[in-house]
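Let me begin by presenting the structure, written as structure tokens, before commenting on it.
The values are calculated or read from the model by the stated rules, or taken from the named source; none is laboratory data. Fair warning: this is a prediction, and the values are worked out from it, not measured in the lab. Note: ideal-geometry Cβ built from the backbone for every residue, glycine included; neighbour counts use all protein chains shown.
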């Protein structure tokens, strides 16, 4: 099972991965294992199998399934646990992973492999029946939503669970939110998604466990600092979904300096490997750190400029590479960016600035309201308790996004940073209803929400990093960065 065979691939780091074949998630798992980082064992069904699945009347061919079974046996050998039986049950995650990064767009099932009988076995083995029950409930919720579509019961056979979950992830390649995302970013159909099956580690295990997302640099400003969020006694979807507001990673420097130092070390290793800002998902189980995914991180246009210049100055990339990382969309966003002028302004709420920029618009609470207001020619601020992948079409129509809960690594923050959309997250409960029908201004730098007409704005001054990029471009008049040369400082 090698990456050249277009069948099931063991992600043990012993061979070079192919991103187009493995998809971004599996590629990163293989890459991190090759670097000796702590990564739970995994295997991938490559992107080519996605086409095979859809061409086979949305069914996994028997020959592929036989290789899946063999790969699960390899995970069993690696972990010392057994899938579908005790005394030490192996649970797995089933994750999507296209060649192009599409954070939060496709589907993931965690804790797969449990049955009512195995919940008791897991509780007996661990001595913690509450944890076993929590894990079972999490699995049932995600399986029912993603695989069953809210209909039917979870299969009693773990192997049947696995086969259906793989199919559900392949099916997610063609759902509406993924199509909208691909169209917005000009990604085309591509080869489909890969599926990564990975041995579970449990951030919900105990008080010394948790999960988080970190960046090697601040993805909003580009400042070179370890940046991210952490949620104790939780699993990955709790952080990324934005349904809860996590703790800033910087607080770990005080509460758990050893873990913070190890995260900083890993971030440094991966930034050197990628030669770029890196976005890393991690889990801690009973004090033991595991890396789950890494990728070049989504960043705001302001951060893109600073990071590109800083990496040139550090000798990590060339000026030509830096210019190649600044797109016409980045320049367009920067040219139109505004900032709130200094002074006393009426503040309706304050959250976390997740993507810089100022936006004013009518509050809309769902896609229907967004489309109605846009059709009337009115700018819109999408206000949600938290955003989910199904909200992406509405986000693409909005001038800005505001959420009641969630943090800087939530779905809303990730999507908005990628498209340069002003965003404020975690601004407090009740805003969706309290702001209904109003016109508001959000400041994605300060995290403040202002009443209509209560602020004055001005153009963003060209900073030294922009000037450096203009220098790098030199006589290349075709590069869009030259447009910013006329912005008043």
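Data table
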read-out: Complete set of residues in region 30-40 that are in contact with a helix residue (DSSP H, G or I) (Cβ under 8 Å, 6 or more places away or on another chain) and in a helix (DSSP H, G or I); value: 30, 31, 32
read-out: Test set (1) surrounded by fewer than 17 Cβ atoms within 10 Å (Cβ to Cβ); (2) modelled with pLDDT of 90 or more - residue 37 fails condition number; value: (1)
read-out: Single residue of region 140-159 satisfying the filter (in contact with a helix residue (DSSP H, G or I) (Cβ under 8 Å, 6 or more places away or on another chain) and assigned to a helix (DSSP H, G or I)) that is surrounded by the fewest Cβ atoms within 10 Å (Cβ to Cβ); value: 159
read-out: Out of 366, 329, sole residue that is surrounded by fewer than 19 Cβ atoms within 10 Å (Cβ to Cβ), within 23 Å of the chain's Cα centre (by Cα), farther than 30 Å from residue 93 by Cα and not assigned by TED's automatic domain parsing to the domain that holds residue 421; value: 329
read-out: So residue 412, is it touching a residue at least 24 places away in the same chain (Cβ under 8 Å), in a helix (DSSP H, G or I) and in contact with a strand residue (DSSP E or B) (Cβ under 9 Å, 6 or more places away or on another chain); value: yes
read-out: Filter pass, residue 259 being under 18 Å from residue 290 (Cβ atoms) and part of a helix (DSSP H, G or I); value: yes
read-out: Candidate set: region 477-487, residues that are over 25 Å from residue 314 (Cβ atoms) and touching a helix residue (DSSP H, G or I) at 6+ places or on another chain (Cβ under 8 Å); chosen: the one modelled with the lowest pLDDT; value: 487
read-out: Those strands (runs of 3 or more DSSP E) lying entirely in region 331-383 with at least 3 residues modelled with pLDDT under 90; value: 338-340
read-out: Which listed residue, of 253, 272, 261, is at pLDDT below 95, closer than 20 Å to residue 218 by Cα and assigned by TED's automatic domain parsing to the domain that holds residue 228; value: 253
read-out: Any hit, region 336-344, residues being under 26 Å from the mean Cα position of the chain (by Cα) and under 23 Å from residue 464 (Cα atoms); value: yes
read-out: Unique match (being surrounded by fewer than 21 Cβ atoms within 10 Å (Cβ to Cβ) and either at pLDDT below 95 or under 17 Å from the mean Cα position of the chain (by Cα) (or both)) among 314, 296; value: 296
read-out: Residue check for residue 474: assigned by TED's automatic domain parsing to the domain that holds residue 331, over 16 Å from residue 356 (Cβ atoms) and either out of contact with any helix residue (DSSP H, G or I) (no Cβ under 8 Å at 6 or more places or on another chain) or surrounded by fewer than 16 Cβ atoms within 10 Å (Cβ to Cβ) (or both); value: yes
read-out: Of residues in region 232-256 being without any contact (Cβ under 8 Å) to a residue 24 or more places away in the chain and in contact with a helix residue (DSSP H, G or I) (Cβ under 8 Å, 6 or more places away or on another chain), the one nearest to residue 292 (Cα to Cα); value: 252
read-out: Test: residue in region 10-24 that is assigned to a helix (DSSP H, G or I) and within 24 Å of residue 265 (Cβ to Cβ); value: yes
read-out: Residue among 406, 437, 453 that is more than 20 Å from residue 378 (Cβ to Cβ) and outside any helix (DSSP H, G or I); value: 406
read-out: Residue list for region 344-396, restricted to those being over 30 Å from residue 108 (Cβ atoms) and free of Cβ contacts under 8 Å to residues at least 60 places away in the same chain; value: 344, 372, 373, 374, 375, 376, 377, 378, 379
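Yes or no, residue by residue, for (1) free of Cβ contacts under 8 Å to residues at least 24 places away in the same chain; (2) within 28 Å of the chain's Cα centre (by Cα); (3) under 24 Å from residue 170 (Cα atoms):
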position	(1), (2), (3)
115	no, no, yes
119	yes, no, no
127	yes, no, no
132	yes, yes, no
143	no, yes, yes
147	no, yes, yes
151	yes, yes, yes
155	yes, no, yes
158	no, yes, yes
